[in-house]
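Have a look at the structure below, then the notes.
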Amino acid sequence: MQIGLIGKANVGKSTFFSAATETIVQSGNFPFTTIEPNVGVTYVKTDCACKNLKTHCGNNLCLKGTRFVAVKLIDVAGLVPGAHEGKGLGNQFLTDAMQADALVHVVDISGSTDIQGQPVNIGTHDPMEDIKFVEEEFDLWFKQILDREWPKLIKEIEQKRTKVSDGLAHRFTGIGINESYIDQVLNKMSLKSKNLKEWSELDIMNFLKSLRKISKPMLVASNKADLCEDLDIIKKISENFTTIACSAETELLLKKATKAGLIDYVSGNTNFNGKEDTNLSNEQNNALHLAKNVLTKLGVTGVQKILNSIVFDVLKMIVVFPVEDETKLSNKDGQVLPDAKLLSSNSTAKDLAFIIHQDIGKGFLHAIDAKTKQRISADHNLKNGDIIKIVSTLSRG
């Protein structure tokens, strides 16, 4: 799965990306520092299935019963007003962003960058304006896509060459929007039986807004929250948007200090510990002191909390542990709980089989719940934390 990192220039997107993926990318106080999308791997945290076992699994992505599950993160070019008209790197930005399953909108909550991404005094720009303009750019871009095809779509439906949902889905298939999303919105707005010729401009815009929200759900990362005098602005934003306060710069600093062996810190923790045998310079001491202050103010840096929230709360994913030996909970090499897969919450045993490998899915016979030792069918709905063995007539590869 892919999470898109979006926002205007200079709000800390690239810093967030570096902190989340431990991949250093170019950043700076000028627009379009990021031109080609940066792609990296980050991790969400969940309970490992071994947490309820007598011994931990020993997997290198398991830390004392906490499992880290890989997710692809895409940092796309900074957005400017008028992107849907091609301004800035608009068309490239929107195309790159739409390949994601969900979007994290990084906002400078301290109000220290204007709408164009230029530095201004803290608190002089309203971050709510940034949130609204990004949503509007997506909606207008969706409308451009539909406007180009609208007369042709009406003609196809009148000639009974396609249904409304099929025809609309075909127009948006290039940006990962399938027919099920179209159907959900049409039913919700009671538009399925309404002739396209009778759709008003308001119908079209409301349809597109709903389609964007359901197909590309968004979470607002209220970055630079440590610079705010108080966090009232975040409370205000949370009335209309899902948002989490964060300081990507602090997370990146703590990750670098950990990598250098100066401290012990795990992403998402509320504190870090210094190492007794390490001599720190005055500069390092000051930096870590500032990091302590940020954690005191925010509780956590927010980066891990945002990643977990977008995957588990917004996308409602679950984690399932596939094994080849249901008695030893291992693969054929004896590795206990060797893998953890992210699936949507309505996934079945057969869905898991196809995620493991196409051949295993094609030859699916049944599955075994390793916890209960019971045989389960193809349409059995999986639960978070399940340990599953797939029995198939075909092996992978």
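The values are calculated or read from the model by the stated rules, or taken from the named source; none is laboratory data. Since we're looking at a predicted model, the values are computed, not measured. Cβ sites come from the backbone with ideal geometry, for glycine too, and all protein chains shown count toward neighbours.
Taking the stated definitions as given, is Leu94 crowded, with 21+ Cβ neighbours inside 10 Å, under 23 Å from Glu135 (Cβ atoms) and modelled with pLDDT of 90 or more? No. Among residues of region 55-68 that are more than 16 Å from Thr42 (Cβ to Cβ), those with a Cβ under 8 angstrom from a residue that is among the basic types (Lys, Arg) and outside any strand (DSSP E or B), sequence gap 6+ or separate chain, pair up as His56/Lys64; Gly65/Lys51.
Taking helices (runs of 4 or more DSSP H) as the structural unit, those lying wholly within region 139-229 and holding at least 1 residues that are outside the structural domain of Val104 (by TED's automatic domain parsing) and closer than 30 Å to Asp108 by Cβ correspond to 201-215. Please indicate, with yes or no, whether at least one residue in region 319-332 is in contact with an Asp or Glu (Cβ under 9 Å, 6 or more places away or on another chain) and on the phi > 0 side of the Ramachandran plot. Scanning region 319-332, I find no residue that is in contact with an Asp or Glu (Cβ under 9 Å, 6 or more places away or on another chain) and on the phi > 0 side of the Ramachandran plot, so the answer is no.
Any residue at all in region 105-114 that is more than 16 Å from Ala221 (Cβ to Cβ) and touching a helix residue (DSSP H, G or I) at 6+ places or on another chain (Cβ under 9 Å)?
Scanning region 105-114, I find no residue that is more than 16 Å from Ala221 (Cβ to Cβ) and touching a helix residue (DSSP H, G or I) at 6+ places or on another chain (Cβ under 9 Å), so the answer is no.
Among the residues of region 219-255, those that are basic (Lys, Arg), touching a helix residue (DSSP H, G or I) at 6+ places or on another chain (Cβ under 9 Å) and at negative phi comprise Lys236, Lys255.
Within region 126-171, the only residue that satisfies the criterion of being in contact with a strand residue (DSSP E or B) (Cβ under 9 Å, 6 or more places away or on another chain), of a type in the set (Val, Ile, Thr) and modelled with pLDDT of 90 or more is Ile131. Within region 206-230, being among the hydrophobic types (A, V, I, L, M, F, W, C) and surrounded by 16 or more Cβ atoms within 10 Å (Cβ to Cβ) holds for Phe207, Leu208, Leu211, Met218, Leu219, Val220, Ala221, Ala225, Leu227, Cys228. For region 319-341, the set of residues classified as surrounded by 20 or more Cβ atoms within 10 Å (Cβ to Cβ) and assigned to a strand (DSSP E or B) consists of Val319, Val320, Phe321, Pro322, Val323, Val336, listed by residue number. In summary, Lys132 fulfils each of the numbered conditions (1) more than 17 Å from Lys209 (Cα to Cα); (2) in a helix (DSSP H, G or I); (3) of a type in the set (Lys, Arg) with the single exception of condition (1).
Residues to consider are Asn384, Asn293; find the one that is assigned to a loop (DSSP other than H, G, I, E, B) and either surrounded by 15 or more Cβ atoms within 10 Å (Cβ to Cβ) or at pLDDT 95 or above (or both). Reasoning before the result, please.
Working: Asn293 fails: assigned to a loop (DSSP other than H, G, I, E, B).
From the options Asn384, Asn293, the qualifying one is Asn384.
Would you pick out the residues in region 158-175 that are among the β-branched types (Val, Ile, Thr) and either in contact (Cβ under 8 Å) with a residue 60 or more places away in the chain or buried (at least 18 other Cβ atoms within 10 Å of the Cβ) (or both)?
Narrowing region 158-175 to residues among the β-branched types (Val, Ile, Thr): 162, 164, 173, 175.
Val164, Ile175 - these are the residues of region 158-175 that are among the β-branched types (Val, Ile, Thr) and either in contact (Cβ under 8 Å) with a residue 60 or more places away in the chain or buried (at least 18 other Cβ atoms within 10 Å of the Cβ) (or both).
Restricting attention to region 180-205, the residues that are touching a Ser or Thr at 6+ places or on another chain (Cβ under 9 Å), closer than 19 Å to Asp147 by Cα and surrounded by fewer than 17 Cβ atoms within 10 Å (Cβ to Cβ) total 1.
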